[in-house]
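**Student:** Provided herewith is a single structure, encoded as structure tokens, for subsequent inquiry.
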Protein chains: 2
Amino acid sequence: MDLHKEIPTGEIERFYSRALEFSASARALILSLLAAGFEVRRKPDRSFVTSADLRVEERLRELIGKHFPDHGIIGEEYPPTRAEAPFQWIMDPIDGTEDFVQRMPAFGSILALHYRGEPVVGVIDHPVLDIRVSAALGLGTHRNGERIILADLDPEAIDGTERVMLPARANFTKHRDDGPLFDAVARAHPNHRIYRTCFSHTCAVLGMADAAIDYGNPIWDLAASRILIEEAGGKFLDVRAWDVPGVGRIYGSVMGKPALVDRLATCFNQ
Amino acid sequence: MDLHKEIPTGEIERFYSRALEFSASARALILSLLAAGFEVRRKPDRSFVTSADLRVEERLRELIGKHFPDHGIIGEEYPPTRAEAPFQWIMDPIDGTEDFVQRMPAFGSILALHYRGEPVVGVIDHPVLDIRVSAALGLGTHRNGERIILADLDPEAIDGTERVMLPARANFTKHRDDGPLFDAVARAHPNHRIYRTCFSHTCAVLGMADAAIDYGNPIWDLAASRILIEEAGGKFLDVRAWDVPGVGRIYGSVMGKPALVDRLATCFNQ
């Protein structure tokens, strides 16, 4: 499928510009809720959810519904709407809710638009850090409006000192016992950091890290990342995907500077 | 040694107030260098050093020398001065230089005053995040001037879901092969994050994380942390210490909520 033929550039520009508006509105709401306070509770799987997650998703759904009434919506906190629509907005209103609750600044808000499963627009916003990365098909990747181009690494020079973002080991064990895979990656790339999902993707997009690995997460955590990475000149690989009953489809991905992404992907082929 | 008997409270207040001034001056310089740009090179051990590290340490040394000409100074970038003095200022002007180079916001500036090896004042400042944690003997721990009190965990409720900050695996292998210790801790406490040294300590001080482990680092990375944690009501344990020829004394420490610190310390007793 050639998305450029299916969707006129003017349409992509319109979607992109609205996505940036929606993201700005989500940021304003998140900052006001951080100041005003919010309720926290645990979901049955012991993960956190707050009244802020719900309110931000409600606001995004309302804005999307108003501007794009034919589009579907997939979000972490509410059931999907218009699942048959070719255009689907996918969101995690607050990714890294546990960090949000602790007021650690790396949490963020993820919003993407997909067309028949292919990403068209992607935005990750970090309200407290004042970092917003955004991309749209054929329009490049930007940080707070400024164009981002990722330089590749020399494959011959990769020696294990590269900066790699990992998920916590818990991500490798929550749906199945892939803990040894975490151990193998941590051994092979010991100069790692572990932030929350969305900030590690942002670091890969911006080249703050050379690559990021994601593991054990659903579609809304990843929906913006492929286009953000690819439009910046990086590489994004889905290295695993499997269905978890009662949870849905779960992914493992590697993203960042192409030469390192290829190297990291070999850890998943064994 | 009872430090309260050795140092009048008025003196501690004076040291504390100066330390906060010095830290504010370092922050202003760091922010101006981030805006203006700085030079980056690699040390022989491949770690990064920048012209900003040097300039910030120079400024701190100049301020300390002016106000406390009898005190010694230990810093990462220059040789110690007045090593025999009972009061020693210990600093890492930019901790997490690799992150500073990448403009990742978790880097920070560490400053402490020790008296005959015991901490009297400690400050960790994160200029980009606008977070400064500070403590002085008997005067409590503060975040941007506001008092911090750490609540403990119920020891019976500790189940491996606590939020633990770890150093990268590289920290366990750079001076000796303690990689299996990293693997064991990561397995036992899978809900971990890996930031840079100083921000993981700050998270433990603020309760953003339940505990932090430090490993394989020299005195200036740790100099502020014991008093920051203890004055907040937390617990700080040195769990390892050894001498590395040509490098100096290297430490392993656990800090944070007392019940979890005790539990984590058992990983180091095996």
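Every number in this text was worked out from the coordinates using simple rules, so none of it is lab data. These numbers come from a predicted model, not from an experiment. Methodologically, a virtual Cβ is constructed for each residue, glycine included, from the backbone with ideal geometry; neighbour enumeration extends over all protein chains shown.
**Student:** Quick check, is A:G207 over 22 Å from A:A135 (Cα atoms) and either surrounded by 24 or more Cβ atoms within 10 Å (Cβ to Cβ) or free of Cβ contacts under 8 Å to residues at least 60 places away in the same chain (or both)?
**Tutor:** no
**Student:** So, one more: Residues of the range A:205-223 being aliphatic (A, V, I, L, M) and within 14 Å of chain B (Cβ to nearest Cβ), which ones?
**Tutor:** If the condition is that a residue be aliphatic (A, V, I, L, M) and within 14 Å of chain B (Cβ to nearest Cβ), then A:V205, A:L206, A:M208, A:A209, A:A211, A:A212, A:I213 are the ones that fit.
**Student:** Check B:A52 against each of (1) under 17 Å from B:G96 (Cβ atoms); (2) surrounded by fewer than 17 Cβ atoms within 10 Å (Cβ to Cβ) and name the one condition it does not meet.
**Tutor:** B:A52 satisfies all of (1) under 17 Å from B:G96 (Cβ atoms); (2) surrounded by fewer than 17 Cβ atoms within 10 Å (Cβ to Cβ) except (2).
**Student:** Only residues that are part of a helix (DSSP H, G or I) and buried (at least 22 other Cβ atoms within 10 Å of the Cβ): list them for the range A:221-234, please.
**Tutor:** Result: A:D221, A:L222, A:S225, A:R226, A:I227, A:L228, A:I229, A:E231.
**Student:** Right, something else. Suppose we keep only residues that are among the aliphatic types (A, V, I, L, M) and more than 19 Å from the chain's Cα centre (by Cα) within the range B:1-23. Which one would you say is surrounded by the most Cβ atoms within 10 Å (Cβ to Cβ)?
**Tutor:** If we take residues in the range B:1-23 being among the aliphatic types (A, V, I, L, M) and more than 19 Å from the chain's Cα centre (by Cα), then B:I12 is surrounded by the most Cβ atoms within 10 Å (Cβ to Cβ).
**Student:** Still on this model: Given the criteria more than 8 Å from chain B (Cβ to nearest Cβ) and of a type outside the set (S, T, Y), does A:H192 qualify?
**Tutor:** no
**Student:** Residues B:L54, B:L111, B:L33: which one is farther than 22 Å from B:S200 by Cβ and in contact with a Pro (Cβ under 9 Å, 6 or more places away or on another chain)?
**Tutor:** The conditions single out B:L54.
**Student:** Could you go through the range B:187-196 and let me know if any residue there is touching a residue at least 60 places away in the same chain (Cβ under 8 Å), closer than 26 Å to A:R176 by Cα and assigned to a helix (DSSP H, G or I).
**Tutor:** yes
**Student:** Out of the residues in the range B:116-130 meeting the condition of being part of a loop (DSSP other than H, G, I, E, B) and closer than 18 Å to B:C198 by Cβ, tell me which one is farthest from the other protein chains (Cβ to nearest Cβ).
**Tutor:** It comes out as B:P127.
**Student:** Quick one: count up the residues across the range B:202-214 that are more than 23 Å from B:R103 (Cβ to Cβ) and in a helix (DSSP H, G or I).
**Tutor:** Total meeting the criteria: 2.
**Student:** Still on this structure, please answer the following. Could you list, ordered by first residue, the pairs with Cβ atoms under 6 Å in which the first is in the range B:131-148 and part of a strand (DSSP E or B) and the second is exposed (fewer than 14 other Cβ atoms within 10 Å of the Cβ), at least 6 apart or interchain?
**Tutor:** From the range B:131-148, the pairs are B:R132/B:N144; B:G140/B:R147.
**Student:** Another question, if that's okay. Out of the range A:68-95, which residues are among the acidic types (D, E) and surrounded by fewer than 17 Cβ atoms within 10 Å (Cβ to Cβ)?
**Tutor:** A:D70, A:E84
**Student:** Hey, another quick one. Kindly evaluate B:G160 against the criterion of being touching a His at 6+ places or on another chain (Cβ under 9 Å), farther than 24 Å from B:G246 by Cα, in a loop (DSSP other than H, G, I, E, B) and away from chain A (no Cβ under 14 Å).
**Tutor:** It is false that B:G160 is touching a His at 6+ places or on another chain (Cβ under 9 Å), farther than 24 Å from B:G246 by Cα, in a loop (DSSP other than H, G, I, E, B) and away from chain A (no Cβ under 14 Å).
**Student:** Looking at B:L237, B:L181, which is the one that is surrounded by fewer than 24 Cβ atoms within 10 Å (Cβ to Cβ) and assigned to a strand (DSSP E or B)?
**Tutor:** Unique residue meeting the criteria: B:L237.
**Student:** If you check B:F199 against the conditions, is it within 14 Å of another protein chain (Cβ to nearest Cβ), touching a Lys or Arg at 6+ places or on another chain (Cβ under 7 Å) and not in a loop (DSSP other than H, G, I, E, B)?
**Tutor:** No, not satisfied.
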